[in-house]
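The values are calculated or read from the model by the stated rules, or taken from the named source; none is laboratory data. Source: prediction; values computed, not measured. Cβ: placed from backbone, ideal geometry, glycine included. Neighbour counts: every protein chain shown. These area figures cover heavy atoms from the full protein model, side chains too; ligands, DNA and RNA do not enter into them. Shrake-Rupley method; radii C 1.70, N 1.55, O 1.52, S 1.80 Å.
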Amino acid sequence: MDINNLMRNKKSWDEVASRFFGRNPLPEYGPMAPLEDELNLLGNVTNWKVLDIGCGSGHSLKYMDERQASELWGIDLSTKQLEAAAKTLSNSHAPVQLFESAMEVNPGLPNNYFDLVYSIYAIGWTTDLQKTFRNVHQYLKPGGIFVFSWEHPFYRLVSQKDNHFAMKISYHQEGPYDHISWQQPAIMQQYKISTYVNYLVETGFQIERLIEDIAISPEDLKRQENRWYSIAKANMIPPTFIIKCKKI
Ligand SMILES: C[S@@+](CC[C@H](N)C(=O)[O-])C[C@H]1O[C@@H](n2cnc3c(N)ncnc32)[C@H](O)[C@@H]1O
(Lines give C-alpha, C1' and ligand atoms only; values in the text may rest on other atoms or scores of the structure.)
Protein backbone atom coordinates (compact mmCIF):
# COMPACT_ATOMS: atom_id res chain seq x y z
CA MET A 1 0.00 0.00 0.00
CA ASP A 2 1.37 3.41 -0.95
CA ILE A 3 0.19 5.98 1.61
CA ASN A 4 1.59 9.00 -0.28
CA ASN A 5 -0.26 8.08 -3.46
CA LEU A 6 -3.43 7.35 -1.51
CA MET A 7 -3.29 10.76 0.20
CA ARG A 8 -2.64 12.46 -3.15
CA ASN A 9 -5.56 10.59 -4.75
CA LYS A 10 -7.88 11.40 -1.86
CA LYS A 11 -7.13 15.12 -2.25
CA SER A 12 -7.61 14.82 -5.96
CA TRP A 13 -10.91 12.97 -5.71
CA ASP A 14 -12.23 15.47 -3.18
CA GLU A 15 -11.47 18.23 -5.71
CA VAL A 16 -13.04 16.56 -8.77
CA ALA A 17 -15.83 14.53 -7.12
CA SER A 18 -18.72 16.68 -8.31
CA ARG A 19 -17.72 16.10 -11.96
CA PHE A 20 -18.31 12.38 -11.46
CA PHE A 21 -21.57 12.30 -9.47
CA GLY A 22 -23.75 9.66 -11.11
CA ARG A 23 -21.31 9.02 -14.00
CA ASN A 24 -21.73 5.50 -15.49
CA PRO A 25 -23.34 3.82 -12.44
CA LEU A 26 -25.19 0.48 -12.69
CA PRO A 27 -26.86 -0.66 -14.91
CA GLU A 28 -23.86 0.87 -16.76
CA TYR A 29 -20.44 -0.72 -16.25
CA GLY A 30 -18.41 2.05 -17.87
CA PRO A 31 -17.79 3.84 -21.16
CA MET A 32 -19.12 1.95 -24.16
CA ALA A 33 -19.58 -1.28 -22.20
CA PRO A 34 -22.73 -3.39 -22.50
CA LEU A 35 -25.34 -2.72 -19.80
CA GLU A 36 -26.22 -5.04 -16.94
CA ASP A 37 -29.68 -5.37 -18.58
CA GLU A 38 -27.96 -7.17 -21.46
CA LEU A 39 -25.18 -8.99 -19.56
CA ASN A 40 -27.22 -10.16 -16.55
CA LEU A 41 -24.09 -10.75 -14.46
CA LEU A 42 -25.79 -9.95 -11.16
CA GLY A 43 -29.12 -11.76 -11.56
CA ASN A 44 -31.77 -11.30 -8.88
CA VAL A 45 -30.30 -9.37 -5.93
CA THR A 46 -33.48 -9.45 -3.80
CA ASN A 47 -32.54 -9.80 -0.11
CA TRP A 48 -28.84 -9.74 -0.90
CA LYS A 49 -26.32 -7.96 1.28
CA VAL A 50 -24.23 -5.95 -1.15
CA LEU A 51 -20.98 -4.03 -0.86
CA ASP A 52 -19.82 -1.40 -3.36
CA ILE A 53 -16.03 -0.83 -3.51
CA GLY A 54 -15.32 2.77 -4.55
CA CYS A 55 -19.03 3.57 -4.30
CA GLY A 56 -18.60 7.22 -5.35
CA SER A 57 -21.85 9.19 -5.25
CA GLY A 58 -23.88 6.07 -4.35
CA HIS A 59 -25.87 5.75 -7.57
CA SER A 60 -25.02 2.06 -8.04
CA LEU A 61 -26.10 1.35 -4.46
CA LYS A 62 -29.36 3.17 -5.25
CA TYR A 63 -29.79 0.76 -8.19
CA MET A 64 -29.32 -2.11 -5.69
CA ASP A 65 -31.95 -0.58 -3.39
CA GLU A 66 -34.41 -0.35 -6.28
CA ARG A 67 -33.81 -4.08 -6.83
CA GLN A 68 -34.59 -4.95 -3.20
CA ALA A 69 -31.11 -5.66 -1.87
CA SER A 70 -31.45 -6.04 1.90
CA GLU A 71 -28.32 -4.12 3.02
CA LEU A 72 -26.33 -1.45 1.19
CA TRP A 73 -22.68 -1.05 2.16
CA GLY A 74 -20.12 1.19 0.47
CA ILE A 75 -16.45 2.10 0.81
CA ASP A 76 -14.83 5.13 -0.78
CA LEU A 77 -11.63 7.11 -0.27
CA SER A 78 -13.24 10.50 -0.85
CA THR A 79 -15.10 12.48 1.80
CA LYS A 80 -16.91 14.45 -0.90
CA GLN A 81 -18.06 11.34 -2.74
CA LEU A 82 -19.39 9.86 0.49
CA GLU A 83 -21.26 13.05 1.37
CA ALA A 84 -22.92 12.81 -2.05
CA ALA A 85 -23.63 9.08 -1.50
CA ALA A 86 -25.31 9.78 1.84
CA LYS A 87 -27.65 12.23 0.06
CA THR A 88 -28.30 9.87 -2.87
CA LEU A 89 -29.23 7.09 -0.44
CA SER A 90 -31.13 9.16 2.14
CA ASN A 91 -34.51 7.65 1.15
CA SER A 92 -33.34 4.05 0.70
CA HIS A 93 -35.53 1.21 1.86
CA ALA A 94 -32.54 -0.89 2.92
CA PRO A 95 -30.14 0.15 5.71
CA VAL A 96 -27.01 1.91 4.49
CA GLN A 97 -23.45 1.73 5.88
CA LEU A 98 -20.81 3.95 4.30
CA PHE A 99 -17.11 3.84 5.16
CA GLU A 100 -14.51 6.46 4.31
CA SER A 101 -11.60 4.17 3.61
CA ALA A 102 -9.11 3.00 1.02
CA MET A 103 -10.17 -0.32 -0.48
CA GLU A 104 -6.68 -1.61 0.40
CA VAL A 105 -7.65 -1.73 4.10
CA ASN A 106 -10.57 -3.31 5.93
CA PRO A 107 -12.32 -0.48 7.78
CA GLY A 108 -14.17 -2.99 10.01
CA LEU A 109 -16.34 -4.82 7.49
CA PRO A 110 -17.71 -8.25 8.47
CA ASN A 111 -16.17 -11.45 7.09
CA ASN A 112 -18.11 -14.11 5.15
CA TYR A 113 -21.07 -11.75 5.08
CA PHE A 114 -21.87 -10.40 1.61
CA ASP A 115 -23.74 -12.13 -1.23
CA LEU A 116 -22.31 -9.65 -3.72
CA VAL A 117 -19.31 -7.33 -3.77
CA TYR A 118 -18.99 -5.14 -6.85
CA SER A 119 -16.94 -2.20 -8.06
CA ILE A 120 -17.73 0.07 -11.00
CA TYR A 121 -14.70 1.88 -12.41
CA ALA A 122 -12.75 2.12 -9.16
CA ILE A 123 -10.49 -0.95 -8.88
CA GLY A 124 -7.65 0.54 -10.95
CA TRP A 125 -7.11 3.13 -8.25
CA THR A 126 -5.94 0.58 -5.68
CA THR A 127 -2.26 0.80 -4.75
CA ASP A 128 -2.37 -2.89 -3.72
CA LEU A 129 -4.45 -5.06 -6.03
CA GLN A 130 -3.67 -8.36 -4.29
CA LYS A 131 -4.63 -7.00 -0.85
CA THR A 132 -7.82 -5.51 -2.30
CA PHE A 133 -8.79 -8.87 -3.81
CA ARG A 134 -7.97 -10.63 -0.51
CA ASN A 135 -10.22 -8.16 1.34
CA VAL A 136 -13.11 -8.74 -1.09
CA HIS A 137 -12.66 -12.50 -0.76
CA GLN A 138 -12.81 -12.19 3.04
CA TYR A 139 -16.00 -10.09 2.99
CA LEU A 140 -17.88 -12.51 0.70
CA LYS A 141 -19.82 -15.56 1.83
CA PRO A 142 -18.60 -18.80 0.23
CA GLY A 143 -20.26 -18.86 -3.21
CA GLY A 144 -20.61 -15.05 -3.11
CA ILE A 145 -20.09 -13.07 -6.31
CA PHE A 146 -17.54 -10.38 -7.13
CA VAL A 147 -18.08 -8.26 -10.26
CA PHE A 148 -15.90 -5.33 -11.24
CA SER A 149 -15.34 -3.10 -14.24
CA TRP A 150 -12.37 -0.92 -15.12
CA GLU A 151 -10.72 0.69 -18.10
CA HIS A 152 -9.29 -1.94 -20.39
CA PRO A 153 -5.48 -1.93 -19.85
CA PHE A 154 -4.83 -1.75 -23.59
CA TYR A 155 -6.90 1.38 -24.07
CA ARG A 156 -4.50 4.03 -22.74
CA LEU A 157 -1.48 2.47 -24.43
CA VAL A 158 -2.68 3.33 -27.90
CA SER A 159 -2.84 6.92 -29.13
CA GLN A 160 -5.13 8.09 -31.92
CA LYS A 161 -4.45 10.73 -34.54
CA ASP A 162 -7.38 11.10 -36.92
CA ASN A 163 -8.11 7.47 -37.70
CA HIS A 164 -4.55 6.21 -37.18
CA PHE A 165 -3.56 4.33 -34.07
CA ALA A 166 -0.09 3.98 -32.56
CA MET A 167 1.11 1.98 -29.62
CA LYS A 168 3.12 4.32 -27.41
CA ILE A 169 3.64 2.34 -24.18
CA SER A 170 4.47 -1.33 -23.70
CA TYR A 171 1.67 -3.60 -22.51
CA HIS A 172 4.23 -5.37 -20.33
CA GLN A 173 4.87 -2.27 -18.22
CA GLU A 174 2.77 -2.48 -15.03
CA GLY A 175 2.53 -0.22 -11.98
CA PRO A 176 1.69 3.39 -11.14
CA TYR A 177 1.26 6.11 -13.76
CA ASP A 178 0.18 9.76 -13.71
CA HIS A 179 -3.44 10.41 -14.48
CA ILE A 180 -2.91 13.18 -17.00
CA SER A 181 -6.43 14.28 -17.85
CA TRP A 182 -7.07 16.11 -14.54
CA GLN A 183 -5.41 19.29 -13.32
CA GLN A 184 -5.10 17.63 -9.89
CA PRO A 185 -2.18 15.19 -9.63
CA ALA A 186 -3.43 11.64 -9.25
CA ILE A 187 -1.82 8.24 -9.62
CA MET A 188 -3.50 5.26 -11.23
CA GLN A 189 -2.30 1.68 -11.59
CA GLN A 190 -1.70 -0.32 -14.76
CA TYR A 191 -2.13 -4.10 -14.67
CA LYS A 192 -2.34 -6.57 -17.53
CA ILE A 193 -5.55 -8.57 -17.95
CA SER A 194 -3.54 -11.69 -17.05
CA THR A 195 -2.48 -10.05 -13.75
CA TYR A 196 -6.11 -9.41 -12.78
CA VAL A 197 -7.00 -12.99 -13.70
CA ASN A 198 -4.02 -14.60 -11.97
CA TYR A 199 -4.39 -12.56 -8.76
CA LEU A 200 -8.09 -13.47 -8.61
CA VAL A 201 -7.31 -17.16 -9.05
CA GLU A 202 -4.49 -17.03 -6.45
CA THR A 203 -6.90 -15.36 -4.00
CA GLY A 204 -9.42 -18.19 -4.34
CA PHE A 205 -11.87 -16.88 -6.92
CA GLN A 206 -13.29 -18.85 -9.81
CA ILE A 207 -13.60 -16.67 -12.92
CA GLU A 208 -17.03 -16.95 -14.54
CA ARG A 209 -16.99 -14.22 -17.22
CA LEU A 210 -14.50 -11.81 -18.77
CA ILE A 211 -16.19 -9.22 -20.95
CA GLU A 212 -14.38 -7.07 -23.51
CA ASP A 213 -17.33 -6.28 -25.78
CA ILE A 214 -18.41 -2.76 -26.68
CA ALA A 215 -21.90 -1.33 -26.97
CA ILE A 216 -22.27 2.14 -28.44
CA SER A 217 -25.30 3.92 -26.99
CA PRO A 218 -27.06 6.98 -28.53
CA GLU A 219 -25.40 9.05 -25.75
CA ASP A 220 -21.98 7.73 -26.81
CA LEU A 221 -22.71 8.85 -30.38
CA LYS A 222 -23.55 12.33 -29.05
CA ARG A 223 -20.42 12.36 -26.89
CA GLN A 224 -18.12 11.13 -29.65
CA GLU A 225 -16.06 14.30 -29.60
CA ASN A 226 -14.84 13.30 -26.12
CA ARG A 227 -11.07 13.27 -26.37
CA TRP A 228 -10.49 10.13 -24.35
CA TYR A 229 -13.36 7.84 -25.37
CA SER A 230 -13.67 7.96 -29.15
CA ILE A 231 -15.90 5.63 -31.10
CA ALA A 232 -13.22 5.03 -33.75
CA LYS A 233 -10.79 3.94 -31.02
CA ALA A 234 -13.44 1.86 -29.22
CA ASN A 235 -14.01 0.01 -32.50
CA MET A 236 -10.33 -1.03 -32.32
CA ILE A 237 -9.88 -1.57 -28.55
CA PRO A 238 -12.53 -1.99 -25.85
CA PRO A 239 -12.53 0.99 -23.44
CA THR A 240 -13.89 -1.16 -20.60
CA PHE A 241 -13.47 -4.71 -19.34
CA ILE A 242 -15.62 -6.51 -16.79
CA ILE A 243 -14.86 -9.60 -14.70
CA LYS A 244 -17.36 -11.73 -12.83
CA CYS A 245 -16.00 -14.29 -10.38
CA LYS A 246 -17.14 -16.39 -7.45
CA LYS A 247 -15.62 -17.11 -4.03
CA ILE A 248 -14.92 -20.82 -3.84
C1 LIG B 1 -14.68 6.75 -11.33
S2 LIG B 1 -15.25 6.81 -9.67
C3 LIG B 1 -16.49 5.56 -9.68
C4 LIG B 1 -17.54 5.78 -8.64
C5 LIG B 1 -18.70 4.80 -8.63
N6 LIG B 1 -18.28 3.42 -8.55
C7 LIG B 1 -19.61 5.01 -9.82
O8 LIG B 1 -19.69 4.11 -10.66
O9 LIG B 1 -20.25 6.07 -9.91
C10 LIG B 1 -13.91 6.06 -8.75
C11 LIG B 1 -14.12 6.12 -7.25
O12 LIG B 1 -13.05 5.42 -6.61
C13 LIG B 1 -12.73 6.10 -5.40
N14 LIG B 1 -11.38 5.69 -5.02
C15 LIG B 1 -10.19 6.06 -5.56
N16 LIG B 1 -9.19 5.43 -4.96
C17 LIG B 1 -9.73 4.63 -4.01
C18 LIG B 1 -9.19 3.73 -3.05
N19 LIG B 1 -7.91 3.48 -3.00
N20 LIG B 1 -10.05 3.10 -2.22
C21 LIG B 1 -11.39 3.34 -2.28
N22 LIG B 1 -11.95 4.18 -3.17
C23 LIG B 1 -11.13 4.81 -4.03
C24 LIG B 1 -12.87 7.57 -5.76
O25 LIG B 1 -13.01 8.39 -4.62
C26 LIG B 1 -14.11 7.54 -6.65
O27 LIG B 1 -15.27 7.75 -5.90
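For segment 72-126, pairs of C-alpha atoms spaced more than 15 angstrom apart make up 53 percent of the total.
Measuring nothing but how far apart in sequence close Cα pairs (under 8 Å, 6+ apart) lie, relative to its length, segment 98-216 scores a relative contact order of 23 percent.
Would you please report the Å³ per residue occupied by the convex hull of the alpha carbon atoms in segment 88-222?
181
Whole-Hz Karplus values for segment 191-197 come out as 10, 6, 4, 5, 5, 4, 4 Hz, taken residue by residue from phi with 6.51 cos²θ - 1.76 cosθ + 1.60 and θ = phi - 60°; glycine and proline positions read x.
Using only Cα atoms, figure out Rg for the chain and give it as a multiple of 2.2 N^0.38 Å.
0.97
Segment 1-87 gives an Rg/Rh value of 1.01, both radii derived from C-alpha positions and Rh following Kirkwood. Taking amide H positions as modeled 1.01 Å from N, with prolines and chain starts lacking one, the residues under 5 Å from ASP2 and 5 or more places away or on another chain are THR127.
Helix 129-139 axis versus longest C-alpha principal axis of the chain: approximately 30°, rounded to the nearest ten.
For SER57, the amide hydrogen comes within under 5 Å of the amide hydrogens of GLY22, counting only partners 5 or more places away or on other chains and with H modelled in the peptide plane. DSSP beta bridges confined to the chain are antiparallel in about 50 percent of cases. For the chain, with all protein chains in place and a probe radius of 1.4 Å, 49% of the accessible heavy-atom surface sits on carbon or sulfur.
Modelled this way, with points 7 Å down the Cα-to-C-beta line, the labels at TRP182 and ASN235 are 3.2 nm from one another.
Using a 7 Å offset from the Cα along the Cα-to-Cβ direction at both ASN112 and GLU38, what is the distance between the two label points in nm, to one decimal? Distance between the two pseudo-spin positions: 4.0 nm. What is the projected area of the convex hull of the Cα atoms of segment 38-144, averaged over all directions, in nm²? Mean projected area for segment 38-144: 6.4 nm², to one decimal. Using 0.36 nm per residue and subtracting the Cα-Cα separation, the extra length available between ASN4 and GLU66 on full extension is 18.6 nm. Label zone of ASN163 (point 7 Å out along Cα→Cβ, amide N under 20 Å): in segment 177-218 this covers 214-217.
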